[in-house]
1. Which of the residues belonging to the range 100-131 are in contact with a strand residue (DSSP E or B) (Cβ under 6 Å, 6 or more places away or on another chain) and at pLDDT below 95?
2. Working carefully through the options T42, T117, T125, find the one that is in a strand (DSSP E or B), surrounded by fewer than 19 Cβ atoms within 10 Å (Cβ to Cβ) and not small (G, A, S).
3. Looking at the range 146-169 only, could you name the residues that are under 18 Å from T90 (Cβ atoms) and at pLDDT 95 or above?
4. Please enumerate the residues belonging to the range 67-99 that are among the β-branched types (V, I, T), over 15 Å from S137 (Cβ atoms) and in contact with a strand residue (DSSP E or B) (Cβ under 7 Å, 6 or more places away or on another chain).
5. Looking only at the range 73-92, decide whether some residue is buried (at least 17 other Cβ atoms within 10 Å of the Cβ), assigned to a loop (DSSP other than H, G, I, E, B) and in contact (Cβ under 8 Å) with a residue 40 or more places away in the chain.
6. Listed residues G97, G54; which is more than 25 Å from G129 (Cα to Cα) and at pLDDT 95 or above?
7. Looking only at residues that are of a type in the set (D, E, K, R) and in a strand (DSSP E or B) in the range 128-164, which one is nearest to S43 (Cα to Cα)?
Amino acid sequence: MRIPLLLVSLMLAAGVTTPASADAASVPVAGTWQAITPAAITSFDPSAANPTKGEFTAVGSTLWRGDWTGVTTYTMRGTVDLVTSASDGTLEETFTGQAAGRGTGTLRLTETFTLDTAGNLAIRTRIVGGSGDFADSRGRVDFVGQTISIATGSGTYQGRWTQPRGSGR
């Protein structure tokens, strides 16, 4: 989108700026992930009706390879059936690593997940920021994989990443 010169002059005079992502390009990202520190349940609040089902929190980490290479740490919250491992909930995750030709830094992610009784894991991710060369990053990524339980897993990721111009190399 082109902004007329007069409008830009008026915006600058008024102190209005465009968001950093306005001049950034969205690029595709893809790769693989695997659990390196299995999700460790840190709390479990059983249901009164069924003590093997309830709300939980957990922490863990993963290894990513591909367009992003590095490690993550995460906190997971949700509901789980301890017998079947079926679960759903949210994650707050931080990736620390590099992107070839685009620098190094961290990405902050907010996610929702579902894990079915067959061990199929699906995670929908929103990139909500970052640091270093990845400062102010945005985007959406989908993670899919197979798990034995909520504690282990591996799979693939793919999506689109917007890294503001000037923040990469």
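The values are calculated or read from the model by the stated rules, or taken from the named source; none is laboratory data. Every value quoted in this text rests on a predicted model; they were computed, and no experiment measured them. Here the Cβ is made from the backbone with ideal geometry for all residues, glycine too, and neighbour counts use every protein chain on show.
1. Hits for the range 100-131 are L115, G119, L121.
2. That would be T42, the only listed residue that is in a strand (DSSP E or B), surrounded by fewer than 19 Cβ atoms within 10 Å (Cβ to Cβ) and not small (G, A, S).
3. Those that are under 18 Å from T90 (Cβ atoms) and at pLDDT 95 or above: Y157, G159.
4. T69, V71, T73, T75, T79, V80, T90
5. Yes.
6. G54
7. D142
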